[in-house]
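This report concerns only the one structure given below.
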2 protein chains.
Amino acid sequence: MSVDRIVKDISFKARAAKRHMRSLNEQIKNDALLLIRERLWKRRDVILRENGKDLEVARSQGLSSSILDRLRLDEEILKGICEGIYDVISLPDPVGKVTGMWKRPNGLLVGRMRIPLGVIGFIYESRPNVTVDAAVLCIKSGNSVILKGGSEAINSNMAICDIIREALEERGIPKDAVSLIPTIDRKAVDLLIQMDDCIDLIIPRGGEGLIRYVTENSKIPVLKHFKGVCHIYVDRYADLQMAYSVCLNAKVQRPGVCNAMETLLVHRDVAEKFLPEMIGIFKDKGVEIRGCEKTRKIVSNIGVAEESDWYEEYLNLILSVKVVESMDDAIWHIETYGSNHTDAIITDSYERAHRFIEMVDSSVVLVNASTRFNDGYQLGLGAEIGISTSKIHAFGPMGLEELTTTKFIVFGNGQTRR
Amino acid sequence: MSVDRIVKDISFKARAAKRHMRSLNEQIKNDALLLIRERLWKRRDVILRENGKDLEVARSQGLSSSILDRLRLDEEILKGICEGIYDVISLPDPVGKVTGMWKRPNGLLVGRMRIPLGVIGFIYESRPNVTVDAAVLCIKSGNSVILKGGSEAINSNMAICDIIREALEERGIPKDAVSLIPTIDRKAVDLLIQMDDCIDLIIPRGGEGLIRYVTENSKIPVLKHFKGVCHIYVDRYADLQMAYSVCLNAKVQRPGVCNAMETLLVHRDVAEKFLPEMIGIFKDKGVEIRGCEKTRKIVSNIGVAEESDWYEEYLNLILSVKVVESMDDAIWHIETYGSNHTDAIITDSYERAHRFIEMVDSSVVLVNASTRFNDGYQLGLGAEIGISTSKIHAFGPMGLEELTTTKFIVFGNGQTRR
């Protein structure tokens, strides 16, 4: 079958399944998720064997060790993936939720009810655990999902998807609610993002190149996350002990992720006191520092921050440091060079804390806490399907609720419009 | 200046203004809206003179009388537009609203705060009143707006926009928060929908062709409303007296709008009793009926509904009628031919009312009430900026809240991530 036929066939089947999906009770969905968990674990030999094939191909193609790392599954990792399914089972089902109703002067009773989006197209790279995460979150939120994973993981993904589909069918749920594009043909992505009659939302997860490509070419709405250039601003009224510990955590606890700090902004009144010790701590942890002119006047033996550094998402043990004249200067910097992702202030001033919260236009704005808390679990949403840095539909970590929308429901007794 | 330069210049200025806009208190915004209302009325001579120019050009180009009708302003209409501004002033400002906060196990206090989207691009046809509506709603919700109106209304729109900008400036609000693309060059739309660095959301309002064109070519997210193929299903347990009155209202009270009924579905068990009288009533009101085979067996002297009729948004005194075998058959019909806009059931069965509400995937689903209630005012949202028939970001009538999003705000006391 041509890739064109494959993508269309899967899309139409996913759309046909969505009517069944949206009427499922939470109990039925949870039962199916339990069976999926059981079967993935029971048939781990099949999954690991197919993963072995992927690893062999990847090795023979000379792919980097970091790609091999992300691709590799073992019993331990599979166990973690299966545990993750329990977490989703324990989350409340958003579908059917009506948070309030109101009565109109003519007696109509009006409310908003949460409903699934319909069909989600999920485009991602490498990690086979995303296959399970995406399928499980979409099932729980009553959506159909079409998965297009990275070509390196095609055998692992197909094995996982087959097991999920079998379990769904055994529980009386249409197996086409979860499907995987079974080809490594890159054309499949182009075709998928044109199927606006069938797919309601595209979620790309991977490098910035993939996400930009999908965003610019899709006819279907895209929930996107470009990059995280996260800042901490150490205010003149900061508790410096707290600032050392929060800044260290934000930079080094896991430098390769989107919510790690990339730029440190320091108020000039505390710079001379704060920076020598802070930079000393960073250097001890192997962090390369690139400072502005004023920073370099205070601390010697550090690198130079060029204009381009302020835009940079290092994802590594590198930090740019800037001394600012005022809080407004810090806010201006964040607005100009930031990515609307995650930004924090360290201060003991009530007025400044509130002004920072109000003025900074990022998906998560924190006072006296590490940027690393921008995460669905950490903020209390449960499992997340991604982080949105654009403001339409969702802004920040996206959990189950962001895979739904609301419709208006209206109860009358014969009302007509005048 | 080239159209390219004009669009870029306006877009950059709108983006620069958004920082100021998002920090405005409701009181300041309401004061500015009051002044806008006052000035539009005070300078009605200028507006009507410029509108006269547009009408003259339109007449000389031989535009249809319906376009001339939509284009024409007079004192009465302007008065209505100014009254509408009071309505928006009286609506609560969504910006800054935090509906609840929760505490995490580590002591972090987390909440979601409503914030403006940023810059809205508003593309519309003909009616100059939309210029005021869009500007006023965007100001109240703390957004900047770029208006691209229809070429027929260019002089009216420029006069209105100039008055609004002057009033903003007088109240200390950047005038670039509201701007109009001052050209009839069609290239302006193409340029505008590429400015994804500056504009956060595009809202097109007009014919289906314009909306499809914008949706398919925009790099920026689009809130769209294709068409309203609205149904009423008269169930076997319907109160037929109620059904006559609700169906009549849904079809004839204002047939040219998107929430008017286009197809009537009738359960076979009541068809013989219901249809002759109902169709008689419609015929008395000048409605042309196109029936399915079964309908034509019950009532003679009516037209034939072809397959294509079920997809049709007549926007006119035409109605297609179908006898269905069951409620599931009705739901299937709505799912297959409908547009996810507005659908209603007339029934006295508790179980069927709830099943219809659950199964029908439309932005507004009603029991025992006219489809004509799909409207921001009627549902209690206040003024609306449009109706969305796609599920991303908003589904159904869009009020002030749909011109905003939420960010996470986090209050800590030194928390770091483990």
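Quick note: the coordinates plus some simple rules give every number you see, no bench work behind them. Since we're looking at a predicted model, the values are computed, not measured. Note: ideal-geometry Cβ built from the backbone for every residue, glycine included; neighbour counts use all protein chains shown.
Modelled label-to-label distance, B:Lys79 and B:Glu335, 7 Å Cα→beta-carbon offset: nm?
The two pseudo-label positions are separated by 5.2 nm.
Calculate the spin-label point distance for B:Thr99 paired with B:Tyr377, positioning each point 7 Å from the Cα along the beta-carbon direction, and give it in nanometres.
Label at B:Tyr377, label at B:Thr99, 2.6 nm between them.
Which ordering of A:Lys283, A:Lys251 is given by a fewest-first count of other beta-carbon atoms within 10 Å?
Fewest-to-most ranking of A:Lys283, A:Lys251: A:Lys283, A:Lys251.
Quantify how strongly other chains surround peptide A:392-403 by giving the mean number of their Cβ atoms within 10 Å of each of its Cβ atoms. Numbers along the way, then the final one.
Values: counts 11, 6, 4, 7, 5, 1, 0, 0, 0, 0, 0, 0.
Mean inter-chain Cβ contacts per residue within 10 Å come to 3.
For B:Ser349 and A:Ile28, what is the calculated FRET efficiency with R₀ set at 22 Å and r taken between the beta-carbons, to the nearest 0.05?
Step by step, r from the Cβ atoms, then E = 0.35.
For A:Glu325 and A:Ser66, calculate 0.36 nm times their separation in residues minus their Cα-Cα distance, and state this gained length in nm to one decimal.
89.1 nm
If a/c stays under 1.5 just call it rounded; otherwise compare a/b with b/c (prolate if a/b is bigger, oblate if not). Do that for region B:230-378, with a ≥ b ≥ c from the square roots of the Cα gyration tensor eigenvalues.
On the way: a/c = 1.36, a/b = 1.14, b/c = 1.19.
Taking the square roots of the gyration eigenvalues as a ≥ b ≥ c, region B:230-378 is rounded.
From the label point of B:Asp328, set 7 Å from Cα along Cα→Cβ, how far away are the matching label points in the other copies, in nm, ordered shortest to longest?
Here the equivalent label points are 6.8 nm apart from this one.
Considering only the label points, 7 Å along Cα→Cβ from Cα, what distances in nm to one decimal separate A:Glu170 from the same position in each other copy, shortest first?
7.4
Stokes-Einstein at 10 °C, 1.306 mPa s, Kirkwood radius from Cα pairs: D for chain B in µm² s⁻¹?
So the translational diffusion coefficient is about 67 µm²/s.
Where the only charges are on Cβ atoms (+1 Lys, Arg; -1 Asp, Glu), what is the dipole of chain B about its Cα centre, to the nearest 20 debye?
Value, rounded to 20: 1640 debye.
Using +1 on the beta carbon of Lys and Arg, -1 on that of Asp and Glu, and nothing else charged, what's the dipole of region A:230-378 about the Cα centre, debye to 20?
500 debye
Provide the FRET efficiency to the nearest 0.05 for the A:Lys283-A:Ser2 pair, computing r from the beta carbons and using R0 = 60 Å.
0.55
Could you work out the helix-only [θ] at 222 nm for chain A, with each DSSP H run of four or more residues adding -39,500 (n - 2.57) and the total divided by the number of residues, to the nearest 500 deg cm²/dmol?
-13500 deg cm²/dmol
Within region A:230-378, count lysine pairs with alpha carbon atoms under 19 angstrom apart where the residues are 8 or more positions apart or belong to different chains.
Going through region A:230-378 pair by pair, I get 12.
Please arrange B:Lys407, B:Lys148 by counting, for each residue, the other beta carbons lying within 10 Å of its beta carbon, fewest first. Numbers along the way, then the final one.
Details: B:Lys407 20, B:Lys148 24.
If I rank by nearby Cβ atoms, fewest first, I get B:Lys407, B:Lys148.
Which angle from 0 to 90°, rounded to the nearest 10, does the C-alpha axis of helix B:240-252 make with the longest principal axis of chain B?
Between helix and principal axis, roughly 50 degrees.
Measure up A:Lys219/B:Lys148; B:Lys8/B:Lys175; A:Lys97/A:Lys148; B:Lys13/B:Lys227; B:Lys42/B:Lys224; A:Lys29/A:Lys148 against 25 Å on the Cα-Cα distance and list the ones that go over.
Details: A:Lys219/B:Lys148 22 Å; B:Lys8/B:Lys175 16 Å; A:Lys97/A:Lys148 30 Å; B:Lys13/B:Lys227 34 Å; B:Lys42/B:Lys224 35 Å; A:Lys29/A:Lys148 23 Å.
The pairs that break the limit, which is 25 Å between Cα atoms, are A:Lys97/A:Lys148; B:Lys13/B:Lys227; B:Lys42/B:Lys224.
Can you spot the aspartates and glutamates whose alpha carbon is less than 17 Å from A:Lys103's alpha carbon? Ignore those fewer than 8 places along the same chain.
B:Asp375
Only Cα pairs within less than 10 Å get springs; with that Gaussian network setup on chain B, which residue of B:Asn30, B:Asn374, B:Asn217 has the largest fluctuation?
Judging by the Gaussian network model, the answer is B:Asn217.
Rounded to the nearest 0.05, what FRET efficiency do B:Asp190 and A:Asp196 give with R0 = 22 Å and r taken as the Cβ-Cβ distance? Could you check? Don't skip to the end; give the middle numbers.
Values: r = 20 Å, r/R0 = 0.91.
So the FRET efficiency works out to roughly 0.65.
Cα axis of helix B:75-90 to longest principal axis of chain B: angle in degrees, 0 to 90, nearest 10?
80 degrees
Taking each residue in B:111-123, count the Cβ atoms of any other chain within 10 Å of its Cβ, then average. What number comes out?
The per-residue average across the peptide is 2.
Tell me, for the rotation carrying B onto A, which chain B residue has the beta-carbon closest to the axis and what that distance is in whole Å.
B:His393, 2
In nm, one decimal, shortest first: how far is the label point of B:Ser23 (7 Å from Cα along Cα to beta carbon) from the matching points in the other copies?
5.4
Note the full-extension length gain between A:Lys297 and A:Arg49 as 0.36 nm times their separation in residues minus their Cα-Cα distance, in nm to one decimal. Can you show the working numbers first?
Working: separation 248, 0.36 × 248 = 89.28 nm, distance 5.81 nm.
Here the answer is 83.5 nm.
Among A:Ser349, A:Ser66, B:Ser218, what is the fewest-to-most ranking by other Cβ atoms within 10 Å?
A:Ser66, A:Ser349, B:Ser218
Pairing the Cα long axis of helix B:268-284 with the longest principal axis of chain B, what angle in degrees results, from 0 to 90 and rounded to the nearest 10?
70 degrees
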